[in-house]
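Written out below as structure tokens is the structure these notes cover.
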Amino acid sequence: MEDLSRYYTLLRDPARRKIIEVLGEQGKIGFKELRENLRLGVGTVYYHLDMLSDFLVQDKQRKYRLNDRGRLLYKSLKGGSLPPTLDIGEAFSHRLGRWLFLSPIFMRTTQPVRLLPVSIFILVFGAVGSALANLDPMLFFYFPFTAYEFETVAILFLFNWIGLFLFSDLLVYLLYRRVGGDLQLLTCLGIASFPLAIFPYIYMLVPYDVARYIQLPLQIWSLLLLSSAFCFGKGLRLDKSIVVSLTIIYLNVIILIILGRFP
């Protein structure tokens, strides 16, 4: 069998281990039944299934079962070749990556109602900050000295992120045929706006020449969080999530060029 160290990230997650065990014991299972068994959100279950795609297949009834590699992995798990839990020390780079993508927080969005107020607060915080700083928000970008009134700037900030939710939901469906998990995605997107929500307050505290250089790393961080939001909200693998995120920011730039905001 292939060196299982390659699958460290896959196997250390208890939900993915349980999927392998359930399929190994039951032979095949539908998505709804699997979700009820795991007691996880739609996006989270899709995410784990996507991560395990090398070990699974779907039949004509769209039920999941293990392929040859999956059955070999299941036998290793049950035969004691692998421990019941992987108590392997996590490298510093892995811990850093988890917090860079805020994975521990996004994992809690499986019950989105709990974190939805936090998500809404972040969006309102960013909207008020944009208005106070007199910045013109354009999703991933800010432009100084807006001509809009306070209320208009705040509404524009919220409109940008609500529009992002609607567009990304459609884009994920068109590209990957993923449906459901909308409330979880909305919650995740609010959290992903955090870096850009705090920028207006930084802008008011430091000189403009300093603030504009701070904006770039915050944009990059927000782009990473956006990718993480699609992972947890829609169950996409990170490589697929990054495709969606890059598509969105490219369209953001194109719209700004059309509007004459970029030279």
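What follows is calculated from the coordinates using simple rules that are stated; it is not laboratory data. Because the structure is a prediction, the values reported are computed rather than measured. Here the Cβ is made from the backbone with ideal geometry for all residues, glycine too, and neighbour counts use every protein chain on show.
Work from the charge dipole of the chain (Cβ charges, +1 for Lys and Arg, -1 for Asp and Glu, about the Cα centre) and give the residue of L158, A197, L49 farthest towards its positive end.
After comparing all options, I get L49.
Within 10 Å, count the other beta carbons around each residue, average over each peptide in 222-233, 145-156, and list them highest first. Mind dumping the intermediate values first?
Working: 222-233: 25.7, 145-156: 14.2.
So the peptides 222-233, 145-156, ranked by packing, come out 222-233, 145-156.
Quote to one decimal, in nm, the extra length available between I254 and E21 on full extension: 0.36 nm per residue of separation minus the C-alpha distance between them.
79.2 nm
Treating cross-link reach as a plain straight distance, find the lysines whose alpha-carbon is under 24 Å from the alpha-carbon of K28, omitting any fewer than eight places away in the same chain.
The reachable lysines, counting only those whose Cα sits under 24 Å from K28, are K18, K60, K63, K75, K78, K234.
How much mean residue ellipticity at 222 nm does the chain get from its helices, if each DSSP H run of length 4 or more adds -39500 (n - 2.57) and you divide by all residues, to the nearest 500 deg cm²/dmol?
Details: 13 runs with 179 residues, N = 263.
That comes out to -22000 deg cm²/dmol.
Counting only C-alpha contacts under 8 Å and six or more residues apart, can you give the relative contact order of region 95-258 as a whole percent?
Averaging sequence separation for qualifying contacts and normalising by length gives 28 percent for region 95-258.
I'd like to compare 240-250, 208-218: which one has the highest average count of other Cβ atoms within 10 Å, and what's the full order after that?
240-250, 208-218
Looking at the chain from every direction and averaging, what is the projected area of its Cα convex hull in nm²?
That works out to 16.0 nm².
Could you tell me the center-to-center distance, by alpha carbons, between region 103-168 and region 180-245 in angstrom?
10
Regarding region 157-227, what's the average projected area of the Cα-atom convex hull, expressed in nm²? Kindly include the intermediate steps, with their values, before the conclusion.
Values: hull surface 20.2 nm².
With every direction weighted equally, the projected area is 5.1 nm².
Using the Karplus curve 6.51 cos²θ - 1.76 cosθ + 1.60 with θ = phi - 60°, what ³J(HN,Hα) values do you get for each residue of region 162-175, in whole Hz, with x for Gly and Pro?
Values per residue, Gly and Pro as x: 5, x, 4, 4, 5, 5, 5, 4, 5, 5, 5, 5, 5, 7 Hz.
Where nothing but the Cβ of Lys and Arg (+1) and of Asp and Glu (-1) is charged, how large is the charge dipole of the chain around its Cα centre, in debye to the nearest 20?
The calculated dipole for the chain is roughly 1040 debye.
Non-local amide H neighbours of D136 (under 5 Å, H modeled in plane, Pro and chain starts lacking H): which ones?
Under 5 Å from the amide H of D136: F143, F145, T146.
Excluding R39 itself, what net charge comes from residues whose Cβ is under 13 Å from its Cβ, given Lys and Arg +1 and Asp and Glu -1?
+1
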